[in-house]
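Chemist: Submitted below is the structure of interest, expressed as structure tokens.
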Amino acid sequence: MIKKAVVASVLMMLACGSGKAQQTTVAATPPMGWNSWNHFAEKIDDATVRAQADAMVSSGMRDAGYVYINIDDTWEGTRAASGEIQTNQKFPDMKALADYVHGKGLKLGIYSSPGPKTCAGYEGSYGHEEQDAATYAKWGIDYLKYDLCSFDEIMKKAGSPEVAHKLMLEAYTKMHEAIVKTGRPMVFSLCQYGADHVWEWGASVGGNLWRTTDDISDRYDRMSVIGFQQAGLAKFAGPGHWNDPDMLEVGNGKMNVEEYRTHMALWALLAAPLLAGNDLTTMSPETIAILTNREVIAIDQDKLGKQGDRMWAQGSQEIWGRELEGGAMALAIFNRFEWPQTIEMSFVRFGLKDRVKVRDVWAGKDLGTLSGKYAAHVPGHGVVLLRVTQ
């Protein structure tokens, strides 16, 4: 019995170690890709996913770093007599779809819930965690978004907030361990809307990213509230585990170009996952330019892995900064008012030297070596994004 206990202990240690290694490897930088929900919601199907994969390649997004094609809710069918999850008629062959996506140099993501049902009322993974993880691995899935949904009903019956919290941690841990057991690397995305300060414990249950907010929508007011309320969360992010302020709305049509640039710049400063949520087959040149701007993406994907934070705010004016590899810094000067404003700043105030080299990222223009104060002319709801080197 002692020998068996020792072996079991060693195996558990190895499993935990491999889980942590996988956690960092699959999301060393914030995941980049596309998710079906924001634009297509329940109208997603096999043909649409294939078209999005094609467009991700032809638009240049794949070459810019976007690799995940993620199917959100409503793909699920019933369970077979064995308990194995089946797809519904919209997805006749998930393995063939994964093969198609992989053939494009991309990766496929899927969606489930720790509860009995998903948010849209389809089959969840409750009681079938290991079985579902094994099925995902068999299909060739590379990413799992795990949405709390109906599990909150189980939590409400727990009797106390403490027990409910424990149940939630156990549910996410159970699926993480099931994924590790398959041996297939998968990004594990926790979606429970920032409840119970998830940023404090998300990494401990195997999360590579965790939603810090409720759902985003394609409105400046909603996007900006979500983005700017991330202030103070930087210390919880790093390689393998990221704060997730939800998917991008760039290109869905209800914000203007300046607002979408603000959206993209703020998510880059936040080291947020960049998951496009638009129709990739109908993108305008402006949308492609925003989503594929290599300099903005480089800030988001910076290897140092340090999330940015608010450094100064006054009224509708805010300046956020992010330390970058090699001693550089990204500075974003935001105008949250709807009219243009001139916003003045001093580099020294933010810990930089008096004389620094400055590049305007969205303009793609070197501003030369500057000293003293810098006055940025910022459009309404807009941003001036700078890369500063000393």
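The values are calculated or read from the model by the stated rules, or taken from the named source; none is laboratory data. Keep in mind that what you see is a predicted model, and the values were worked out from it rather than measured. Neighbour counts run over all protein chains shown; Cβ positions are idealised from the backbone, glycine included.
Chemist: When the residues of the range 60-99 are narrowed to those that are in a strand (DSSP E or B) and hydrophobic (A, V, I, L, M, F, W, C), which ends up nearest to Met247 (Cα to Cα)? Show your work before the answer.
Modeler: First pass over the range 60-99, keeping only residues in a strand (DSSP E or B): 68-70, 76-79, 85-87.
Narrowing the set further to residues that are hydrophobic (A, V, I, L, M, F, W, C) leaves 69, 85.
Working: Ile69: 13, Ile85: 27 Å.
Taking the candidates together, the pick is Ile69.
Chemist: Another question, if that's okay. Only one of Lys181, Lys157 is surrounded by fewer than 20 Cβ atoms within 10 Å (Cβ to Cβ) and at pLDDT 95 or above; which?
Modeler: Lys181
Chemist: For the range 74-96, how many residues meet the condition of being acidic (Asp, Glu) and either outside the structural domain of Thr48 (by TED's automatic domain parsing) or under 14 Å from Leu108 (Cα atoms) (or both)?
Modeler: So the answer is 1.
Chemist: I'm checking my understanding of the structure. Among residues of the range 221-266 that are out of contact with any helix residue (DSSP H, G or I) (no Cβ under 7 Å at 6 or more places or on another chain) and of a type in the set (A, V, I, L, M, F, W, C), which one is surrounded by the most Cβ atoms within 10 Å (Cβ to Cβ)?
Modeler: Result: Trp242.
Let's see how each residue does on (1) surrounded by fewer than 21 Cβ atoms within 10 Å (Cβ to Cβ); (2) modelled with pLDDT of 95 or more; (3) under 21 Å from Arg359 (Cα atoms); (4) in the same structural domain as Gly380 (by TED's automatic domain parsing):
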{"site": "Pro273", "(1), (2), (3), (4)": "no, yes, no, no"}
{"site": "Thr287", "(1), (2), (3), (4)": "no, yes, no, no"}
{"site": "Glu295", "(1), (2), (3), (4)": "yes, yes, yes, no"}
{"site": "Ala313", "(1), (2), (3), (4)": "yes, yes, no, yes"}
{"site": "Ser316", "(1), (2), (3), (4)": "yes, yes, no, yes"}
{"site": "Arg322", "(1), (2), (3), (4)": "no, yes, yes, yes"}
{"site": "Gly327", "(1), (2), (3), (4)": "yes, no, yes, yes"}
{"site": "Glu338", "(1), (2), (3), (4)": "yes, yes, no, yes"}
{"site": "Val348", "(1), (2), (3), (4)": "yes, no, yes, yes"}
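Chemist: Show the residue pairs that are 6+ apart or on different chains and have beta-carbon atoms under 7 Å apart, the first residue being within the range 74-95 and within 20 Å of Thr48 (Cβ to Cβ), the second being exposed (fewer than 11 other Cβ atoms within 10 Å of the Cβ) and hydroxyl-bearing (Ser, Thr, Tyr).
Modeler: Note: pairs meeting the criteria are Gln86/Thr78.
Chemist: Would it be correct to say that Gly232 is within 29 Å of His176 (Cβ to Cβ), at pLDDT 95 or above and either of a type outside the set (Lys, Arg) or not assigned by TED's automatic domain parsing to the domain that holds Ala27 (or both)?
Modeler: yes
Chemist: Given the range 330-390, what strands (runs of 3 or more DSSP E) lie entirely inside it while holding 2 or more residues that are without any contact (Cβ under 8 Å) to a residue 40 or more places away in the chain? Break it down stepwise before answering.
Modeler: Working: elements: 341-346, 355-360, 365-371, 373-378, 383-389.
Strands (runs of 3 or more DSSP E) meeting the threshold: 341-346, 355-360, 365-371, 373-378.
Chemist: Sticking with this one: Spot the failing condition for Trp267; the list is (1) in contact with a Gly (Cβ under 8 Å, 6 or more places away or on another chain); (2) more than 25 Å from Met345 (Cα to Cα), and only one is missed.
Modeler: Answer for Trp267: the failing condition is (2).
Chemist: Among the numbered criteria (1) closer than 30 Å to Gly60 by Cα; (2) surrounded by fewer than 19 Cβ atoms within 10 Å (Cβ to Cβ); (3) outside the structural domain of His39 (by TED's automatic domain parsing), which one does Phe334 miss?
Modeler: Just one mismatch for Phe334, condition (2).
Chemist: Looking only at the range 61-84, filter to residues that are exposed (fewer than 15 other Cβ atoms within 10 Å of the Cβ) and not basic (Lys, Arg); which one of those is nearest to the chain's Cα centre (by Cα)?
Modeler: Asp63
Chemist: Taking the criterion of being crowded, with 17+ Cβ neighbours inside 10 Å and more than 30 Å from Gly60 (Cα to Cα), would at least one residue in the range 90-109 satisfy it?
Modeler: No.
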